[in-house]
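Take a look at the structure set out below.
Readers should treat all values here as calculations from the given coordinates under stated rules, not as data from a laboratory. Since we're looking at a predicted model, the values are computed, not measured. Don't worry about glycine lacking a Cβ; one is built from the backbone with ideal geometry, like all the others, and counts go over all protein chains shown.
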Amino acid sequence: MILPVDAYTMRMMKRVEGRKGTYDTIQNYLQECLPRTLEIYREFHALVVKHSKRTCLKKKPHCLNCTVHPCNYRSESNWGSDRTV
């Protein structure tokens, strides 16, 4: 069973945890953190995609609407505004 890792997952891991790496290293890290069930993997990936499309946008993230705490990206220079500029 393999956890899907895509550009949304990579963006979230970089911003939320400050993790950089290859798709394989991020996938291995997440598979170590999450229970190995198909239901969990599907739900996790669906939530990452949903959050990435609604809030953690690639170019203009809506940091003030973010419900992920702590978020390294938001705590840097992006927290003071909604980054919709």
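Overview of results
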{"quantity": "Loop-resident sites, region 1-55, for trypsin sites (Lys or Arg not before Pro), counting at most 14 other Cβ within 10 Å (DSSP)", "calculated": "Lys20, Arg36"}
{"quantity": "Identified option (computed P(r) over Cα pairs in 5 Å bins from 0, in percent; candidates (i) 3, 10, 17, 16, 12, 10, 8, 6, 5, 4, 3, 2, 2, 1, 1, 0; (ii) 3, 13, 12, 10, 8, 7, 7, 6, 6, 5, 5, 4, 4, 3, 3, 2, 1, 1, 1, 0; (iii) 3, 15, 25, 24, 17, 10, 5, 1, 0)", "calculated": "(iii)"}
{"quantity": "Degrees between helix 7-17 axis and first principal axis of the chain (Cα, 0 to 90, nearest 10)", "calculated": "70 degrees"}
{"quantity": "For Leu57, residues with placed amide H under 5 Å, excluding near neighbours", "calculated": "His62"}
{"quantity": "0 to 90° range, to nearest 10: angle between helix 38-54 axis and the chain longest Cα axis", "calculated": "20 degrees"}
{"quantity": "Per-residue ³J(HN,Hα) for region 58-73, Karplus 6.51 cos²θ - 1.76 cosθ + 1.60, θ = phi - 60°, Hz, x for Gly and Pro", "calculated": "4, 9, 9, x, 9, 4, 5, 8, 6, 9, 8, 10, x, 10, 4, 5"}
{"quantity": "Cβ-placed point charges (K, R +1; D, E -1), dipole of the chain about Cα centre in debye, nearest 20", "calculated": "400 debye"}
{"quantity": "Label-reachable residues, region 2-20, where backbone N falls under 17 Å from a point 7 Å from Arg42's Cα toward its Cβ", "calculated": "2-5"}
